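Participant: Quick one: structure below, then a few questions.
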Amino acid sequence: MKHCKNCDTTKDFSEYHSRGGKRSSEYQSWCKSCMKTARRKQHRETRTGWSDAAFEDAWSRQEGRCQICDIPMTRVGKSLSAVNADHCHASGNTRALLCRGCNNALGLFKDDPDILLSAVDYLRRHKP
C-alpha cells in the first residue's frame, strides 16, 4: 500500500505508476487517477489557454450547459454532450464552454461566421 500525496488516500501499488522497482519509493508519489487528472488539466491549459480557475468559473456561470445549444454537458467522456473548452484558433483567446457537438460544428465551418450563415440560409431554404 502507498499513500498518494495529492488526494491524501492510501491505495494499492497497482494504483501507481512504477519507476521500475518494487519498493514504495520506486513508485510515483501521485496515484494514476491524480496523474491523469493533472495531465488533462495541463493539456487543456497548454492547448486552449483555459486555466482551471477560468474553466470552473465558466462551468459555474453556464450552469454546466452548452453556450450554443443549451444542453446539459458532462465533464468527462467523448459523447456529443461532453464539455469542450472552446477557444479562437486565430487569437488564442478563450470563448466559452461548448458541448462536443457544437464545438465540432464550429470547427467544420472553419470558425467562419459567413460560412455558418450560408449554412443557416441553406437550411431555411430547404426546410420541410
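The values are calculated or read from the model by the stated rules, or taken from the named source; none is laboratory data. Predicted model only: the values in this text are computed from it and were never measured. A quick note on method: Cβ atoms are made from the backbone with ideal geometry, for glycine too, and the neighbour counts reach across all protein chains shown.
Participant: Answer yes if at least one residue in region 30-47 is outside the structural domain of Leu98 (by TED's automatic domain parsing) and assigned to a loop (DSSP other than H, G, I, E, B), and no otherwise.
Facilitator: Checked region 30-47: at least one residue is outside the structural domain of Leu98 (by TED's automatic domain parsing) and assigned to a loop (DSSP other than H, G, I, E, B).
Participant: Could you tell me which numbered condition Asp111 fails, if it satisfies all but one of (1) modelled with pLDDT under 95; (2) surrounded by 11 or more Cβ atoms within 10 Å (Cβ to Cβ); (3) in contact with a strand residue (DSSP E or B) (Cβ under 8 Å, 6 or more places away or on another chain)?
Facilitator: (3)
Participant: So which residues in region 92-119 are in a loop (DSSP other than H, G, I, E, B) and in contact (Cβ under 8 Å) with a residue 24 or more places away in the chain, if there are any at all?
Facilitator: Gly92, Asn93
Participant: How many residues are within 18 Å of Gly49 (Cα to Cα) and in contact with a strand residue (DSSP E or B) (Cβ under 7 Å, 6 or more places away or on another chain) if we restrict to region 68-98?
Facilitator: Of the residues in that region, 13 qualify.
Participant: What single numbered condition from (1) farther than 25 Å from Lys36 by Cα; (2) touching a Pro at 6+ places or on another chain (Cβ under 7 Å) fails to hold for Ile115?
Facilitator: Exception for Ile115: condition (2).
Every residue, every condition in (1) among the hydrophobic types (A, V, I, L, M, F, W, C); (2) more than 15 Å from the chain's Cα centre (by Cα), yes or no:
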{"site": "Gly20", "(1), (2)": "no, yes"}
{"site": "Gln28", "(1), (2)": "no, yes"}
{"site": "Cys34", "(1), (2)": "yes, yes"}
{"site": "Trp59", "(1), (2)": "yes, no"}
{"site": "Gln67", "(1), (2)": "no, no"}
{"site": "Arg75", "(1), (2)": "no, no"}
{"site": "Ser81", "(1), (2)": "no, no"}
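Participant: Please find, among Phe55, Phe13, the residue that is in the same structural domain as Leu97 (by TED's automatic domain parsing) and surrounded by 13 or more Cβ atoms within 10 Å (Cβ to Cβ).
Facilitator: Checking each option against the conditions leaves just Phe55.
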